[in-house]
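Structure first, commentary second.
The values are calculated or read from the model by the stated rules, or taken from the named source; none is laboratory data. Small disclaimer: the values here were computed from a predicted structure and weren't measured. A quick note on method: Cβ atoms are made from the backbone with ideal geometry, for glycine too, and the neighbour counts reach across all protein chains shown. Just the protein is used for accessible areas: all its heavy atoms, side chains included, with ligands, DNA and RNA removed. Shrake-Rupley method; radii C 1.70, N 1.55, O 1.52, S 1.80 Å.
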Amino acid sequence: MHKEIRKALDEAEGAGLRVRPLSGHTWGWVVCSCGEHVKVFSTGRNPENGARLIRRFVTKHSEHAKEADR
């Protein structure tokens, strides 16, 4: 897995979101407590864009993760 995607997944876990591994072209999902998720692809032409999508999801859903911890 590309280092930028790995960093973005670490940020997602640090924000309290779940990282759910799968198998195949879709490596896994980043899952929020509100029920939404974003796919993480293991093979992509531009891994930086994949990492950007994960980070955008983390920014949008980090408040949900904080509320779930209460």
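Contact map, segment 1-22: first residue under 24 Å from GLU63 (Cβ atoms), second residue of a type in the set (S, T, N, Q), Cβ cut-off under 6 Å, separation 6 or more or different chains; pairs are ALA15/SER62. List every residue pair whose Cβ atoms sit under 8 Å apart, with the two residues 6 or more apart in sequence or on different chains, where the first one lies in segment 46-63 and is over 16 Å from VAL19 (Cα atoms) and the second, anywhere, is at pLDDT below 90 and open to solvent by less than 90 Å² (accessible area, probe 1.4 Å). Pairs found: PRO47/HIS2.
Listed by position, the strands (runs of 3 or more DSSP E) contained in the chain that have at least 2 residues being surrounded by 14 or more Cβ atoms within 10 Å (Cβ to Cβ), touching a His at 6+ places or on another chain (Cβ under 7 Å) and of a type outside the set (S, T, N, Q) are 26-31.
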